[in-house]
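S.K.: Below: one structure in structure tokens.
The values are calculated or read from the model by the stated rules, or taken from the named source; none is laboratory data. Note that the structure is predicted; figures quoted are calculated from it, not measured. Ligands, DNA and RNA are stripped out before the accessible areas are found, and what is left, the full protein with its side chains, is counted by its heavy atoms. Shrake-Rupley method; radii C 1.70, N 1.55, O 1.52, S 1.80 Å.
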Amino acid sequence: MTTDPIATFSAWLDEARASEPNDPTAMALATADAAGRPSVRMVLLKGHDDRGFVFYTNRGSRKAGELEQNAHAALLFHWKSLRRQVRVEGHVDWVSDAESDAYFASRGRDSQLGAWASDQSRPLADRATFEARFEEVKARFDGTDVPRPPFWGGYRIVPARIELWNDRAHRLHERRVFERSADRWTEGMLFP
């Protein structure tokens, strides 16, 4: 392993893509509201680099509201087939409009239409209401490209702390913890 946790994460993600049966980019996203009440849900990683870890969502969703109130979050990747997990903690920034536009354009058409039709985190009377909305949006954009909705975009978790965890026999796991200060990572090793 290197002393760069992002490089190690990239290598581990490549291995997970080859070994995990479903959604190797699935990650638990933990947020908290202004009062500190936590909430967690699964989202998909849509990009990562030295700047951080990116996911996309409706900016009217509960998670987006919590990030507006408290711009810190934690991520957890768990790859059972590899017996590894990665924990990430950090500050959250919006992804640029240009980056959000580019990612939105790469999505399948029905996923693009679904972003327009969904009032994420808001209750509906029934499933038929949502399906009718989807059909309305489908008709509205028939024969044209689907633009990114103004209420939809990306978030980047800028990591301040990354923990790389390897399962070991007899619960003697290996945990490598990296903390960022300025532009460099410092490492410590922890065991249970």
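S.K.: Pick from ASP142, ASP101, ASP167: which is most flexible by mean-square fluctuation in a GNM of the chain where alpha carbon atoms under 10 Å apart are linked?
M.R.: In the Gaussian network model the winner is ASP142.
S.K.: Please provide three numbers in whole Å: the alpha-carbon extents of the stretch 89-133 along the principal axes, with the largest listed first.
M.R.: 36, 26, 15
S.K.: Which residue, ALA64, ALA73, ALA35, has the most motion in a Gaussian network model of the chain that connects Cα atoms within less than 10 Å?
M.R.: Looking only at ALA64, ALA73, ALA35, the biggest GNM fluctuation is shown by ALA35.
S.K.: Also: Rank these by accessible area, largest first, 1.4 Å probe: PHE104, PHE134.
M.R.: Result, largest first: PHE134, PHE104.
S.K.: Once you compute Rg and the Kirkwood Rh from C-alpha atoms, what is the Rg to Rh ratio for the chain?
M.R.: Working: Rg = 18.7 Å, Rh = 18.3 Å.
My calculation puts Rg/Rh at 1.02.
S.K.: Where does each of MET27, MET42 land when they are ordered by accessible area, with a 1.4 Å probe and the largest first?
M.R.: MET42, MET27
S.K.: Express the accessible area of the chain per residue in Å², computed with a 1.4 Å probe while the remaining protein chains stay in the model.
M.R.: Ligands and nucleic acids excluded, the result is 56 Å² per residue.
S.K.: For LYS138, list the aspartates and glutamates whose Cα falls under 17 Å from its own Cα; do not include residues on the same chain fewer than 8 positions away.
M.R.: Reachable aspartates and glutamates: ASP110, ASP119.
S.K.: Can I ask one more? Using heavy-atom solvent-accessible surface (probe 1.4 Å) with all chains present, what is the largest-first order of ARG109, ARG84?
M.R.: The ranking, largest first, comes out as ARG109, ARG84.
S.K.: Hey, could you get me the Stokes-Einstein D for the stretch 1-98, Kirkwood radius over alpha-carbon pairs, 37 °C and 0.692 mPa s, rounded to whole µm² s⁻¹? Write down the numbers at each step before the final one.
M.R.: Working: Rh = 14.3 Å.
My calculation gives 229 µm²/s for D.
S.K.: Also, quick follow-up: To test your reading of the geometry: what angle, between 0 and 90 degrees and rounded to tens, separates the Cα axis of helix 97-106 from the longest principal axis of the chain?
M.R.: Taking the Cα atoms of the chain, the angle to 97-106 is about 80 degrees.
S.K.: Roughly how many percent of the accessible protein surface of the chain is carbon and sulfur, given a 1.4 Å probe and a whole-percent answer?
M.R.: The value for the chain is 51 percent carbon and sulfur by accessible area.
S.K.: Further question on the same structure: Would you look at the GNM of the chain, springs on alpha carbons closer than 10 Å, and say which of VAL43, VAL137, VAL177 moves the most?
M.R.: Sorting by GNM fluctuation, first place goes to VAL137.
S.K.: May I ask you to compute the full-extension gain from ARG184 to ARG140, defined as 0.36 nm times their residue separation minus their alpha-carbon distance, rounded to one decimal in nm? Provide the component values of the computation, followed by the final result.
M.R.: Numbers: separation 44, 0.36 × 44 = 15.84 nm, distance 4.90 nm.
The ARG184-ARG140 span can extend by a further 10.9 nm.
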